[in-house]
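Below you'll find the structure, written out as C-alpha coordinates, and then a few comments.
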Amino acid sequence: QVQLVESGGGLVQAGGSLRLSCAASGRTFSMYAMDWFRQAPGKERVSVAAISASGGNTRYADSVKGRFSISRDNAKNTVYLQMNSLKPEDTAVYYCAARNTRVLIGTPKYDYWGQGTQVTVSS
(Lines give C-alpha, C1' and ligand atoms only; values in the text may rest on other atoms or scores of the structure.)
Protein backbone atom coordinates (compact mmCIF):
# COMPACT_ATOMS: atom_id res chain seq x y z
CA GLN A 1 0.00 0.00 0.00
CA VAL A 2 1.25 3.46 -0.92
CA GLN A 3 -0.23 6.75 0.23
CA LEU A 4 0.55 9.89 -1.75
CA VAL A 5 0.34 13.44 -0.39
CA GLU A 6 0.86 16.45 -2.64
CA SER A 7 1.97 19.87 -1.48
CA GLY A 8 3.33 23.11 -2.89
CA GLY A 9 0.34 24.43 -4.74
CA GLY A 10 -0.84 28.01 -4.47
CA LEU A 11 -1.52 31.27 -6.25
CA VAL A 12 1.17 32.67 -8.54
CA GLN A 13 1.32 35.34 -11.21
CA ALA A 14 1.81 34.44 -14.84
CA GLY A 15 5.49 33.92 -15.56
CA GLY A 16 6.16 32.72 -12.05
CA SER A 17 7.27 29.36 -10.72
CA LEU A 18 6.10 26.73 -8.28
CA ARG A 19 7.49 23.40 -7.16
CA LEU A 20 5.07 20.66 -6.27
CA SER A 21 6.04 17.75 -4.08
CA CYS A 22 4.43 14.36 -3.71
CA ALA A 23 5.47 12.45 -0.62
CA ALA A 24 4.86 8.73 -0.57
CA SER A 25 4.53 6.40 2.36
CA GLY A 26 5.69 2.81 2.22
CA ARG A 27 8.93 1.15 1.34
CA THR A 28 7.99 0.31 -2.25
CA PHE A 29 7.94 3.83 -3.71
CA SER A 30 11.05 3.13 -5.79
CA MET A 31 9.22 0.33 -7.60
CA TYR A 32 6.71 2.68 -9.25
CA ALA A 33 6.87 4.96 -12.23
CA MET A 34 5.08 8.17 -11.30
CA ASP A 35 2.94 10.73 -13.10
CA TRP A 36 1.77 14.23 -12.40
CA PHE A 37 -1.75 14.84 -13.66
CA ARG A 38 -3.81 17.97 -13.73
CA GLN A 39 -7.52 18.63 -14.00
CA ALA A 40 -8.98 22.01 -14.82
CA PRO A 41 -12.65 22.78 -14.14
CA GLY A 42 -14.86 21.07 -16.69
CA LYS A 43 -11.96 19.23 -18.28
CA GLU A 44 -10.57 15.73 -18.14
CA ARG A 45 -7.69 14.76 -15.91
CA VAL A 46 -4.55 14.50 -18.04
CA SER A 47 -0.98 13.46 -17.40
CA VAL A 48 1.47 16.30 -17.85
CA ALA A 49 4.68 14.56 -16.78
CA ALA A 50 5.91 11.07 -16.01
CA ILE A 51 9.09 9.57 -14.63
CA SER A 52 10.31 6.00 -14.50
CA ALA A 53 10.97 4.24 -11.21
CA SER A 54 14.72 4.80 -11.50
CA GLY A 55 14.29 8.40 -12.58
CA GLY A 56 16.20 7.72 -15.77
CA ASN A 57 13.34 8.38 -18.18
CA THR A 58 10.83 11.20 -18.29
CA ARG A 59 7.98 12.26 -20.54
CA TYR A 60 6.04 15.47 -20.87
CA ALA A 61 2.84 16.64 -22.45
CA ASP A 62 3.43 19.07 -25.29
CA SER A 63 1.61 21.78 -23.35
CA VAL A 64 4.29 21.83 -20.61
CA LYS A 65 7.41 20.70 -22.44
CA GLY A 66 10.31 23.06 -21.81
CA ARG A 67 8.55 24.67 -18.83
CA PHE A 68 7.93 21.81 -16.38
CA SER A 69 10.44 19.33 -15.02
CA ILE A 70 9.68 16.12 -13.15
CA SER A 71 12.20 14.53 -10.82
CA ARG A 72 12.29 12.12 -7.92
CA ASP A 73 14.33 11.31 -4.86
CA ASN A 74 13.79 7.67 -3.99
CA ALA A 75 15.72 8.05 -0.74
CA LYS A 76 13.11 10.60 0.35
CA ASN A 77 10.14 8.80 -1.24
CA THR A 78 9.26 12.01 -3.06
CA VAL A 79 8.53 13.07 -6.61
CA TYR A 80 8.65 16.71 -7.67
CA LEU A 81 7.22 18.88 -10.39
CA GLN A 82 9.10 22.10 -11.04
CA MET A 83 6.84 24.46 -12.94
CA ASN A 84 8.36 27.54 -14.58
CA SER A 85 6.97 30.23 -16.87
CA LEU A 86 3.49 29.48 -15.60
CA LYS A 87 0.49 30.51 -17.66
CA PRO A 88 -3.14 31.05 -16.66
CA GLU A 89 -4.02 27.90 -18.60
CA ASP A 90 -1.89 25.91 -16.16
CA THR A 91 -4.52 26.58 -13.50
CA ALA A 92 -5.80 23.22 -12.27
CA VAL A 93 -5.76 20.73 -9.45
CA TYR A 94 -2.53 18.75 -9.71
CA TYR A 95 -2.37 15.10 -8.68
CA CYS A 96 0.45 12.63 -8.42
CA ALA A 97 -0.19 8.99 -9.25
CA ALA A 98 1.78 5.76 -9.11
CA ARG A 99 1.80 3.51 -12.15
CA ASN A 100 1.66 -0.24 -11.78
CA THR A 101 4.98 -0.50 -13.65
CA ARG A 102 8.56 0.69 -13.24
CA VAL A 103 8.92 1.91 -16.82
CA LEU A 104 7.19 4.34 -19.16
CA ILE A 105 5.97 1.90 -21.79
CA GLY A 106 2.61 0.48 -22.72
CA THR A 107 -0.76 1.72 -21.60
CA PRO A 108 -0.37 2.87 -18.03
CA LYS A 109 -2.61 1.88 -15.18
CA TYR A 110 -2.48 3.69 -11.89
CA ASP A 111 -2.53 1.96 -8.55
CA TYR A 112 -2.46 4.97 -6.23
CA TRP A 113 -3.52 8.62 -6.31
CA GLY A 114 -2.95 11.62 -4.13
CA GLN A 115 -5.68 14.01 -3.03
CA GLY A 116 -4.50 16.88 -5.23
CA THR A 117 -3.15 20.38 -4.75
CA GLN A 118 -4.60 23.52 -6.33
CA VAL A 119 -2.45 25.66 -8.60
CA THR A 120 -3.88 28.99 -9.68
CA VAL A 121 -2.05 31.24 -12.13
CA SER A 122 -3.30 34.81 -12.39
CA SER A 123 -2.87 36.91 -15.50
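Quick check on the chain: what are the equivalent-ellipsoid semi-axes from the Cα gyration tensor, as sqrt(5λ), descending, whole Å?
Semi-axis lengths for the chain are 23, 14, 13 Å.
Residue-wise, which Karplus ³J(HN,Hα) couplings in Hz belong to the stretch 58-68, taking 6.51 cos²θ - 1.76 cosθ + 1.60, θ = phi - 60°, and x for glycine or proline?
9, 9, 9, 5, 4, 5, 10, 4, x, 10, 10
Round to a whole number: what % of the accessible area of the chain belongs to carbon and sulfur, probe 1.4 Å? Let's see the in-between values first.
Working: 3020 of 6400 Å².
Answer for the chain is 47 percent, counting heavy atoms of protein chains only.
How much length, in nm to one decimal, is gained on full extension between N57 and N100, taken as 0.36 nm per residue of separation minus their Cα-Cα distance?
13.9 nm
Calculate one ³J(HN,Hα) per residue across the stretch 21-29 by plugging θ = phi - 60° into the Karplus curve 6.51 cos²θ - 1.76 cosθ + 1.60, and present them in order as whole Hz with x for glycine and proline.
My calculation for the stretch 21-29 gives 10, 10, 9, 10, 8, x, 8, 9, 3 Hz in order.
Compute the orientation-averaged projected area for the stretch 56-97 from the convex hull of its Cα atoms and round it to one decimal in nm².
With the hull built on Cα positions only, its mean projection is 3.6 nm².
Relative contact order for the chain: what is it in percent, counting Cα pairs under 8 Å that are at least 6 residues apart?
35 percent
Could you give me the ³J(HN,Hα) list for the stretch 105-118, computed from phi with Karplus coefficients 6.51, -1.76, 1.60 and θ = phi - 60°, whole Hz, x at Gly and Pro?
Here the 3J(HN,Hα) series is 10, x, 7, x, 10, 10, 8, 9, 10, x, 8, x, 9, 7 Hz.
So what does V93 come to for accessible area, using a 1.4 Å probe and Å² rounded to 10?
For V93, the solvent-accessible surface is approximately 40 Å².
Ignoring ligands, DNA and RNA, what accessible area per residue does the chain give at 1.4 Å, in Å²?
52 Å²
Straight-line reach from K43: which lysines have a Cα under 25 Å away, not including same-chain ones fewer than 8 places off?
By straight Cα distance, K43 reaches K65, K87, K109.
Dipole size in debye (nearest 20) for the chain around its Cα centre, Lys and Arg Cβ +1, Asp and Glu Cβ -1? Intermediate results must be reported in sequence, preceding the final value.
Values: 14 positive and 8 negative charges, 44 e Å.
Dipole magnitude for the chain comes out near 220 debye.
The values are calculated or read from the model by the stated rules, or taken from the named source; none is laboratory data. Quantities reported herein were computed from a predicted structural model and do not represent experimental measurements. Cβ: placed from backbone, ideal geometry, glycine included. Neighbour counts: every protein chain shown. Areas reflect the complete protein model, heavy atoms only, side chains present, ligands, DNA and RNA absent. Shrake-Rupley method; radii C 1.70, N 1.55, O 1.52, S 1.80 Å.
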